[in-house]
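We did not get these values from a lab; they are worked out from the coordinates using the rules stated. Just so it is clear, the model here is predicted, and its values are computed rather than measured. Neighbour counts are summed over all protein chains in view; Cβ atoms, including those assigned to glycine, are modelled from backbone coordinates with ideal geometry.
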């Protein structure tokens, strides 16, 4: 039976601490004290039970009492420094004991006060107020975290679901907190005009500045200070996450690193992503590869550079170049766009099952007809799209040297229905706004220029290259397709008034379990190119399109 695929292009509490005035107070001898404001949060659900062997295992939703008392037991033990008892209240006592021990010994955190907030379902938020001390120097430490209570796998009893993020929200499992002399000196990052870049001024740049320090701290001539920092473990390192400074106890001497970021475009990008939750955008210069702006609505992870998301129909830019080169499509020649196409046991649909009768490939591209691309899958080899992405667009080789960690796109070799799905940016294809801004840049410039945030001349690093260019005919047709889409197609509303030297492509990518698709938009205007995504936003022309267009309007 065929699978249906559609890419939407439009559219009784235990004994505890004394209760004083409705607030549970815990006083810790010799240390700080915590004030526990544990409130109920609505109706409770009775736990059920099932038998495993001769033991009864509780099942069903957790009650408010179970959540409250379990969280209280864990937090009280942690605050008192009773690591064994705190770890025993979790579902991974070994990992919890290690992390909580390191909190005192490695991170040098003391005088811990934990203050819970209001329970939300199975989760209890709490704030941390403590002191970090090293060689006689102390600094305050404050932050918020949360405990999630779950049922234990063996007996169903409520326990804290353990992750390193319980201790600090910036920790991933395998990471640790360390206080001491930093191995990497700090840096002072500058924009292209020579002004300092800070996360206070540009919130999206927190992760970028961490990456710049990791790469250039020692090379830039600075001197390390004493800090509390997140030291990444193996998994985080593999995911290209950088160490992160949390508290600076004594200042080091920073080295200076100049970036390619434009203060005007960076400020505008921050403003634009602030209008749409889960949005990200990148702006770059096609003629050189310079990155002019990078911004994310959420600041904990740099989706714009390191995201790995299906790009939806923006991938059709790469696919179109392949089909044109193989003489399977031509911009002004007739091209099929039926309601549905079957391939590899799947049935592929257009949005609302529309069809174009007697239309050209240009018309299919501008309206983002999925079946116009899927219909050509039978003429392609499994590795064709992968080779096109690598050889022409410089993607999917994990070799970009941008100056900070990036994900360089993935276009894996696939077969049957998955190969067909990859032609329209689904299947196993994964991209981020940096990758898709680079795609638009390659079309505008006629050749791939690897994006970069720090000039290669600073450290004499080698940047990635593409092994070949598109033919003049292919390039001209591809630009025609993007221009027509920006003028008359799905990108026309967002790009209104920006022509004539422009081009764009919209995209929407379905995600399992997500009501709305991720909205994508990639475009160029003059010597600027940009791409954006709004996760779970809906159609790209309506969501990411206005973000990208607003930045292109600012010019170079």
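Based solely on its DSSP helices, what 222 nm [θ] is calculated for the chain when runs of n ≥ 4 H residues each add -39,500 (n - 2.57) and the sum is averaged over all residues, nearest 500 deg cm²/dmol?
On the way: 16 runs with 147 residues, N = 556.
One gets -7500 deg cm²/dmol as the mean residue ellipticity at 222 nm.
Taking the centroid of alpha carbons for each part, region 392-440 and region 96-131 are 40 Å apart.
Of all the C-alpha pairs in region 484-556, what % are more than 15 Å from each other? Every Cα pair in region 484-556 considered, those over 15 Å come to 46 percent. Legend: translational diffusion of the chain by Stokes-Einstein, Rh = Kirkwood radius over C-alpha pairs, 20 °C, 1.002 mPa s; D = 83 µm²/s. A convex hull fitted to the Cα coordinates of region 187-263 yields 100 cubic angstrom per residue.
Roughly speaking, what is the stretch gain from residue 515 to residue 190, that is 0.36 nm per residue apart minus the C-alpha to C-alpha distance, in nm to one decimal? In short, 112.9 nm is gained. The stretch between residue 59 and residue 397 holds 117.0 nm of extra length on full extension. This uses 0.36 nm per residue minus the Cα-Cα distance. Between region 197-247 and region 269-294, the alpha-carbon centres lie 21 Å apart.
I'd like to know how region 70-179 sits against the 2.2 N^0.38 Å rule of thumb: what's its Cα Rg over that expected value?
Working: Rg = 13.5 Å, N = 110, 2.2 N^0.38 = 13.1 Å.
The reported ratio for this selection is 1.03.
Classification of region 316-364 by its C-alpha gyration tensor yields an oblate form. The axis ratio a/c (a ≥ b ≥ c) is 1.5 or more, and b/c is at least a/b. Using 0.36 nm per residue and subtracting the Cα-Cα separation, the extra length available between residue 94 and residue 357 on full extension is 88.2 nm. By other beta-carbon atoms within 10 Å, ranking 258, 119 with the fewest at the front produces 258, 119. Taken over the Cα atoms of region 295-384, the convex hull encloses 141 Å³ per residue.
Run the Debye formula on the Cα coordinates of region 133-180, all scatterers equal and no solvent, and tell me log10 I(q)/I(0) at q = 0.30 1/Å. The Cα Debye sum returns log10 ratios of -1.08.
If R0 is taken as 25 Å, the Cβ-Cβ distance between residue 465 and residue 413 corresponds to a FRET efficiency of 0.70. Remark: C-alpha extents of region 196-315 on the principal axes read 47, 32, 27 Å, sorted largest to smallest.
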